[in-house]
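Engineer: Before I ask anything, here is the structure I am working with.
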Amino acid sequence: MLAAAHHKVDNLISTIDWNGQQIDGPTSRVMGLGDLKAKFEAFGWQTLEMNGNDMDEVVATLDKAKSMTGQGKPTAILMRTEMGKGVDFMEGTHEWHGIAPNDEQLAKALAQLPETLGDY
């Protein structure tokens, strides 16, 4: 992180999935992250924030980040996401962090996700 800014690596775009969860529970309880944007900026990065569950916003923010290259700084994109978004038994819980669904759970999850996700 420090080396990229020091060496002015300005063709680097890093995406950070900021879902507020860790394998043991919410980051606020397990290990608070504080202000990630301020931390990246303190280390010399340009930062963008977005809703990582909105694919139109993801594409637009990635395009914006690409337009920011060549300015002497790396770029970090903080993607605020909801784990399990769109699947009723997975959304909002850390319990599915690192656990694969069984065949029945997978079928139920896939049935709840919009077909449009494949458009990207």
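Where a number appears in this text, it was derived from the coordinates with a stated rule and is not lab data. Treat the numbers as computed from the prediction; the structure is a model and nothing was measured. Glycine gets a Cβ as well: all are built from the backbone with ideal geometry, and neighbour counts include every protein chain shown.
Engineer: Loop-only check: which trypsin sites (Lys or Arg not before Pro) in the range 1-86 are DSSP coil with at most 15 other Cβ within 10 angstrom? Each step should come with its number before you reach the end.
Structural biologist: Values: sites: Lys8, Arg29, Lys37, Lys39, Lys64, Lys66, Arg80, Lys85; in loops: Lys8, Lys85.
Passing sites in the range 1-86 are Lys8, Lys85.
Engineer: Round to the nearest 0.05 the FRET efficiency obtained for Asp56 and Ser28 when R0 = 41 Å and r is the Cβ-Cβ distance.
Structural biologist: Numbers: r = 29 Å, r/R0 = 0.70.
Efficiency for this residue pair is about 0.90.
Engineer: What angle do you read, to the nearest 10 degrees and between 0 and 90, between the alpha-carbon axis of helix 55-67 and the longest principal axis of the chain?
Structural biologist: Computed tilt is about 20 degrees.
Engineer: First select every other residue whose beta carbon is under 11 angstrom from the beta carbon of Gly52; then total the charges, Lys and Arg +1, Asp and Glu -1.
Structural biologist: On the way: positive: Arg80, Lys85; negative: Asp17, Glu49, Asp54, Glu57, Glu82.
Summing Lys/Arg as +1 and Asp/Glu as -1 gives -3.
Engineer: Taking a ≥ b ≥ c as the square roots of the Cα gyration tensor eigenvalues, with a/c under 1.5 meaning rounded and otherwise prolate when a/b beats b/c, else oblate, which class fits the range 31-77?
Structural biologist: Numbers: a/c = 4.05, a/b = 1.12, b/c = 3.61.
Taking the square roots of the gyration eigenvalues as a ≥ b ≥ c, the range 31-77 is oblate.
Engineer: Let me know the charge dipole size of the chain about its Cα centre in debye, to the nearest 20, where only the beta-carbon of Lys, Arg (+1) and Asp, Glu (-1) is charged. The partial results should precede the final answer.
Structural biologist: Numbers: 10 positive and 18 negative charges, 146 e Å.
So the magnitude is around 700 debye.
Engineer: How would the range 50-120 be classified by its alpha-carbon gyration tensor: rounded, prolate or oblate, with rounded meaning a/c under 1.5 and the a/b versus b/c comparison settling the rest? All intermediate terms of the calculation are to be shown ahead of the outcome.
Structural biologist: Numbers: a/c = 3.33, a/b = 2.15, b/c = 1.55.
Prolate is the answer for the range 50-120, as a/c is 1.5 or above and a/b outweighs b/c.
Engineer: How much length is gained on full extension from Leu113 to Ala100, taking 0.36 nm per residue of separation minus their Cα-Cα distance? If you can, show how the numbers build up before the last one.
Structural biologist: Numbers: separation 13, 0.36 × 13 = 4.68 nm, distance 1.64 nm.
Answer, rounded to one decimal: 3.0 nm.
Engineer: Could you check what % of the DSSP bridge pairs in the range 1-100 are antiparallel, to the nearest 5? Display every interim value, and only then the final one.
Structural biologist: Numbers: 2 of 14 bridges.
Taking every DSSP beta bridge with both residues in the range 1-100, the antiparallel ones total about 15 percent.
Engineer: Still on this structure, please answer the following. What residues from the range 48-74 fall in the zone where the backbone N is under 13 Å from a label point 7 Å along the Cα-to-C-beta line of His7?
Structural biologist: Correct set: 74.
Engineer: Here's another thing I want to ask about it. Take the eigenvalues of the Cα gyration tensor for the range 2-119, scale each by 5, and report the square roots as semi-axes in whole Å, largest first.
Structural biologist: After diagonalising the Cα gyration tensor, the semi-axes are 31, 19, 10 Å.
Engineer: Quick check: Cα centre of the range 72-93 to Cα centre of the range 1-67, how many Å?
Structural biologist: 11
Engineer: Got a sec? Charge dipole of the chain, +1 on Cβ for Lys and Arg, -1 for Asp and Glu; which of Gln21, Pro101, Pro114 is way out at the positive end?
Structural biologist: Checked the options; the winner is Gln21.
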